[in-house]
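Input: a single structure, listed below in structure tokens.
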Amino acid sequence: MTTQLGLPEDIQACLFDLDGVVTKTAVVHAAAWKETFDAFLRERDGEDFRPFTDADYDEYVDGRPRADGVRSFLASRGIELPEGSPDDPPDAPTVHGVGNRKNALLLEKIRTQGVEAYDGTLRYIDAVRAQGLRTAIVSSSANTRDVLRSIDADRLFDVRIDGVVAAERKLPGKPRPDTFLAAARDLGVEPSRAAVFEDALAGMDAGRAGRFGYVVGVDRVGQSDALYAHGADRVVRDLAELGGHA
């Protein structure tokens with residue numbers, strides 16, 4: 001049995017990813033990653049370099065913490081870099097340097113282009129809260145708080161587990177379920193009574209690994225089959241499809 005929110009009746013909390021679910025920033029992230037990796041590969045391999053692709057983004061980067069994304073993609077190309085440290089400058093030839101280069105590009109794109117929210121998601125979260133369910137934002141981004149404030153959405157979440165909190169608590173990122181599990185724990189809800197909302201394949205893997213009660217894949221780019229294959233219970237193009245009226 002499902003409720004008017006499109007969820008099983010025993011769900012008590014909803015855990016939302018940020019980029020691609022709440023905000024239209026997934027494409028901005030993808031563009032920043034491509035610019036970063038293409039510049040790195042061009043410098044390393046010359047003009048005959050093999051560019052970073054949308055498939056690379058989906059498989060190795062999307063949904064993962066920044067440094068994990070760097071390691072994962074470079075490993076797929078047989079490239080190893082020194083780890084460096086989180087405060088490495090953006091031009092440092094290290095994992096953290098490459099990640100910081102991407103973040104600098106991302107922040108510049110957000111500054112110049114702004115941030116937009118998915119209205120269907122905001123209406124759905126309002127409906128969720130009106131029904132008495134608790135909510136959390138779960139993102140690998142260290143910029144989560146600023147992004148939410150920019151769209152006046154920080155008020156919509158009882159708990160925030162983001163890149164900053166994950167680093168403080170030493171939580172491994174997606175596809176491991178630890179950040180989602182931490183959100184459920186902070187909300188006082190068993191994972192089996194929580195629903196996960198994600199657009200990334202790594203997020204689907206995390207939802208399945210954490211044995212959450214329901215996993216909703218949000219398909220913004222035409223990867224419905226892959227979202228189901230990675231553990232989605234249901235896939236929608238927009239959360240408005242689930243129903244709910246605030």
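D by Stokes-Einstein for the stretch 179-246, Kirkwood Rh over Cα pairs, 20 °C, 1.002 mPa s: 177 µm²/s.
Most tightly packed first, judged by the mean number of other beta-carbon atoms within 10 Å of their residues, the peptides 49-55, 160-166 read 160-166, 49-55. The structure shown yields Rg/Rh (Cα atoms, Kirkwood Rh), and of the options (i) 0.97; (ii) 1.11; (iii) 0.93 that calculated value carries the label (i).
Stretching Phe49 away from Asp87 to a fully extended chain increases their span by 10.9 nm, per 0.36 nm per residue minus the current alpha-carbon distance. Placing pseudo-labels 7 Å out from each Cα toward the beta carbon at Val27 and Leu107 gives an inter-label distance of 2.5 nm.
Between the Cα long axis of helix 95-113 and the first principal axis of the chain there is an angle of about 60°, rounded to the nearest 10. Peptides 195-202, 69-76, ordered by how many other C-beta atoms sit within 10 Å of their residues on average, highest first, read 195-202, 69-76. Relative to the longest principal axis of the Cα atoms of the chain, the long axis of helix 26-45 lies at roughly 20 degrees. Over the chain, DSSP H runs of length four or greater, each weighted -39,500 (n - 2.57), average out per residue to a 222 nm ellipticity of -12500 deg cm²/dmol. Taking the average, over residues, of other Cβ atoms within 10 Å as the packing measure, peptides 229-236, 213-220 rank 213-220, 229-236 from highest down.
Every number in this text was worked out from the coordinates using simple rules, so none of it is lab data. On a predicted model such as this, the values are computed, not experimentally measured, just so you know. Quick reminder, even Gly has a Cβ in these numbers, built from the backbone with ideal geometry, and neighbours come from all protein chains shown.
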